[in-house]
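Trainee: Quick one: the structure is below, questions incoming.
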Amino acid sequence: MTDGRPVVAIERCGSYEQAEVEAALERALAPLGGMGAFVSQDQTVFVKVNLLMKAEPDRAVTTHPALVRAVVRAAKLAGARDIAIGDSPGGRTTAASARALFDVSGMTAVAKEEGVRLSLLDDAVLRVPSPGGVLYQSFNLGREAVDADVLIDLPRMKTHGFMMFTGAVKNLFGCIPGLEKAQFHVKVPDRADFAGMLVDLYLACRPELSIMDAVVAMEGAGPSGGTPKPIGALLASADAVALDVVASSIARFDPMDVYTNAIAHERGLGPATADEVRIEGTPWRELVPESFEQPARDVSRGMPPAIGRWARKHTASRPYLEHRDACTTCRTCEKNCPVSAIRMEQRRPTFDLDTCIRCYCCQELCPERAIGLKTPWFARVVRRGGSKLA
């Protein structure tokens with residue numbers, strides 16, 4: 001940082017062919033000082049990937065294994081003596097489901113072939129302070145992520161029904177173990193407060209380096225039910241907030257419409273626009289697609305609290321069984337609803353919308369993408385810049 005602005009490096013990467021990914025990563029890290037600026041001889045490294053759920057790499061739900069492999073190789077060349085790849089996925093995780101998650105996402109193959117470890121962040125937990133935290137001054141976090149000398153954050157560029165966009169800051173939510181993540185939706189159901197919690201979490205984790213997989217992003221009903229959207233790039237920065245501001249701009253958001261970006265900026269932790277970031281490599285505007293389908297906005301945002309609560313109840317998108325034939329009655333939605341607003345009737349989920357807190361965990365975790373979000377007609381009338389999800 002030579003002129004006071006945070007630096008985000010952007011490099012084109014048109015495919016997940018391993019050689020192309022490694023070359024793009026090397027170019028992206030060069031203006032940041034290379035991987036050696038973050039990883040030193042004999043240090044331990046934790047690579048925090050996005051493993052939201054069991055999903056094949058081409059669905060654009062999880063961090064692609066080609067990028068994970070490239071980062072592992074770069075860290076080894078920089079002298080890392082121990083490297084672990086891991087996450088705590090959404091929902092309940094058993095030993096069997098964790099193995100399936102690692103296998104299907106491609107992480108098992110990367111770990112085996114590169115001689116590194118896989119880590120489920122549910123297995124050992126440590127209480128960690130959040131210096132400067134506003135809503136939370138400490139968190140229970142997976143010990144592997146905390147104890148490592150270097151934390152490397154590898155998000156995938158995706159939309160998010162609750163936070164609008166998920167990037168480097170939101171990816172750190174997976175450092176919180178197990179079903180404790182779901183309980184945060186109960187503790188902080190308001191979108192802005194939830195984002196404030198995520199910013200507090202960012203202050204607790206403080207990744208040394210964030211590298212975003214934007215070779216193929218996800219638009220629409222993210223973070224799991226959307227559509228793959230080619231962007232063709234890797235983004236890298238030592239500043240996770242600045243990276244998210246630039247990435248969300250590429251995805252055609254006003255960065256301040258993304259809750260985590262807005263809260264971080266309000267606290268003086270990040271820029272408001274991509275023009276306040278020094279870009280190295282490819283100019284971000286060259287990567288903006290002609291269209292990028294975004295989630296429905298919360299029309300109650302910015303309203304006085306009493307009016308906002310009424311508006312949110314009547315305008316927020318509601319979960320529903322969109323694809324009845326796709327439902328396998330696996331009960332994932334029912335088991336992972338933090339307020340028990342879902343029950344199975346005639347082997348299909350039904351939703352108690354009076355109890356539902358609109359966290360969208362059910363839609364996010366449905367393995368068959370059977371659950372959709374429906375926007376009430378009133379919101380469709382009021383909301384500006386509509387969405388195809390409505």
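Trainee: Of the cross-linked pairs LYS170/LYS229; LYS170/LYS335; LYS229/LYS335; LYS76/LYS181; LYS112/LYS335, which ones have a Cα-Cα span greater than 26 Å in the structure shown?
Mentor: From the list (LYS170/LYS229; LYS170/LYS335; LYS229/LYS335; LYS76/LYS181; LYS112/LYS335), the Cα-Cα distance tops 26 Å for LYS229/LYS335; LYS76/LYS181; LYS112/LYS335.
Trainee: Mind listing the lone cysteines of the chain, meaning no other Cys beta-carbon sits under 4.7 Å from theirs?
Mentor: That list is CYS13, CYS175, CYS205, CYS327, CYS330, CYS337, CYS356, CYS359, CYS361, CYS366.
Trainee: Note the angle between two axes, namely the Cα long axis of helix 65-77 and the longest principal axis of the Cα atoms of the chain, as a number of degrees from 0 to 90, rounded to the nearest 10.
Mentor: Approximately 30 degrees, to the nearest 10.
Trainee: Taking the Cα-to-Cβ direction at GLU345 and at SER291 and moving 7 Å from each Cα, how far apart do the two end points lie in nm?
Mentor: For the pair GLU345/SER291, the computed spacing is 3.6 nm.
Trainee: Another question about this same structure. Evaluated at 37 °C with a viscosity of 0.692 mPa s, what Stokes-Einstein diffusion coefficient in µm²/s does the range 318-374 have when Rh comes from the Kirkwood expression over alpha-carbon pairs?
Mentor: Approximately 301 µm²/s, per Stokes-Einstein.
Trainee: In units of 2.2 N^0.38 Å, what is the alpha-carbon radius of gyration of the range 1-146?
Mentor: 1.13
Trainee: Please determine, in degrees from 0 to 90 and to the nearest 10, the orientation of helix 305-315 with respect to the longest principal axis defined by the Cα atoms of the chain, where the helix direction is its Cα long axis.
Mentor: Between the helix axis and the principal axis of the chain, the angle is about 80 degrees.
Trainee: Which three extents, in whole angstrom, do the alpha-carbon atoms of the range 1-58 cover along their principal axes, largest first?
Mentor: Principal-axis extents of the Cα atoms in the range 1-58, largest first: 41, 30, 23 Å.
Trainee: If you don't mind, there's one more thing I want to ask. What span do the alpha-carbon atoms of the range 62-218 cover on each of the three principal axes, reported in whole Å from largest to smallest?
Mentor: The Cα atoms of the range 62-218 stretch 43, 30, 30 Å along their principal axes.
Trainee: Excluding ARG206 itself, calculate the net charge of residues whose Cβ lies under 13 Å from the Cβ of ARG206, where each Lys or Arg counts +1 and each Asp or Glu counts -1.
Mentor: Its environment carries a net charge of -4.
Trainee: Under 10 Å from the Cβ of SER248, count the other residues' Cβ atoms, weight Lys and Arg +1, Asp and Glu -1, and hand me the total.
Mentor: That works out to -2.
Trainee: Residue separation times 0.36 nm, minus the C-alpha to C-alpha distance between ALA37 and LYS374: what's the value?
Mentor: Difference between extended and current length: 116.7 nm.
Trainee: Further question on the same structure: Once the piece of chain linking ARG318 and ASP193 is laid out straight, how much longer is it, given 0.36 nm per residue of separation minus the C-alpha distance between them?
Mentor: My answer for the length gained is 43.0 nm.
Trainee: I would also like to ask the following. Hey, what's the Kirkwood Rh for the chain if you take every pair of different alpha carbons, in angstrom?
Mentor: About 20.9 Å, per the Kirkwood formula over Cα pairs.
Trainee: A follow-up question, please. Please give the net charge around GLY115, taking every other residue with its beta carbon less than 15 angstrom from that of GLY115, where Lys and Arg add +1 and Asp and Glu add -1.
Mentor: +3
Trainee: Near the amide H of GLU322, under 5 Å away, which other amide H atoms are found, from residues 5 or more places off or on another chain, if H is placed in the peptide plane?
Mentor: Result for GLU322 returns ILE371, GLY372.
Trainee: Under a 10 Å cutoff between Cα atoms, tell me which one of ARG156, ARG358, ARG92 has the largest fluctuation in the Gaussian network model of the chain.
Mentor: ARG92
Read-outs: derived from the displayed coordinates by stated rules, not from any lab. Quantities reported herein were computed from a predicted structural model and do not represent experimental measurements. Neighbour counts are summed over all protein chains in view; Cβ atoms, including those assigned to glycine, are modelled from backbone coordinates with ideal geometry.
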